[in-house]
Amino acid sequence: MFQVGEVSRRLGLNPQTLYFYERIGLMPSPKRTAAGYRLYEQPDLERLSFITQAKALGLSLDDIKDLLILQDGQQLSCQEVYDRLLKKVQHIDETISKLQTLRAQLTPLLDQCQRSLDQAHPGQQCVVFQQHSLVASTDLLHDLSLHHQEELNHDTQG
């Protein structure tokens, strides 16, 4: 059994994060001591570790909650599980595609900067953006920024 401070240290989480996850339903209410201190068991640490890793991979708290509901086997039909997982995979594929497009647009600029550095002109003003337009990238960056903002909004609501 682990108290909040120990869990926080082991997982690198702020204690308030633990309380927040409990409040929004990501974590079940833990056992408590007679004095009211929260006591976490190993499965709780594993669940918190999963949440932390999933957040690091860019999943919103709502996405994580959905996955945990699926894992907990809460009365969902096979079709509901399939639909939710398919939607998430499609969303991930779309994001990957946009990021690959952005990478393809930025890589030539990086190469040109490297060539300039290799020619012993590291202090020279960079002309990459004068020679290449990123206008095509603007919409892509905007879409990715909006997606990121939506994820942040989901994470702060609850």
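The values are calculated or read from the model by the stated rules, or taken from the named source; none is laboratory data. Fair warning: this is a prediction, and the values are worked out from it, not measured in the lab. Counting neighbours? That spans all protein chains shown, and the Cβs are built from the backbone with ideal geometry, glycine included. The area values use the complete protein model at the heavy-atom level, side chains included, leaving out ligands, DNA and RNA. Shrake-Rupley method; radii C 1.70, N 1.55, O 1.52, S 1.80 Å.
If we keep just the residues of region 49-62 that are among the small types (Gly, Ala, Ser) and surrounded by fewer than 14 Cβ atoms within 10 Å (Cβ to Cβ), which is modelled with the lowest pLDDT? Among those that are among the small types (Gly, Ala, Ser) and surrounded by fewer than 14 Cβ atoms within 10 Å (Cβ to Cβ), it is 58. The set of residues in region 25-48 that are in contact with a Lys or Arg (Cβ under 9 Å, 6 or more places away or on another chain), under 22 Å from residue 69 (Cα atoms) and loosely packed, with under 14 Cβ neighbours inside 10 Å comprises 25, 28, 29, 31, 41.
Given the criteria assigned to a helix (DSSP H, G or I), in contact with a strand residue (DSSP E or B) (Cβ under 8 Å, 6 or more places away or on another chain) and over 26 Å from residue 89 (Cα atoms), does residue 39 qualify? No, not satisfied. Number of residues in region 29-49 that are free of Cβ contacts under 8 Å to residues at least 12 places away in the same chain and touching a helix residue (DSSP H, G or I) at 6+ places or on another chain (Cβ under 9 Å) equals 1. Do we find that residue 26 is in contact (Cβ under 8 Å) with a residue 24 or more places away in the chain, more than 22 Å from residue 84 (Cβ to Cβ), not in a helix (DSSP H, G or I) and not acidic (Asp, Glu) in this structure? Judged against the criteria, residue 26 is not a match.
Please work out if residue 70 is closer than 24 Å to residue 3 by Cβ, open to solvent by less than 40 Å² (accessible area, probe 1.4 Å) and among the aliphatic types (A, V, I, L, M).
Working: closer than 24 Å to residue 3 by Cβ: no; open to solvent by less than 40 Å² (accessible area, probe 1.4 Å): yes; among the aliphatic types (A, V, I, L, M): yes.
So residue 70 fails the test.
For region 1-10, a residue qualifies if it is assigned to a helix (DSSP H, G or I) and surrounded by fewer than 17 Cβ atoms within 10 Å (Cβ to Cβ), and the qualifying residues are 5, 6, 9, 10.
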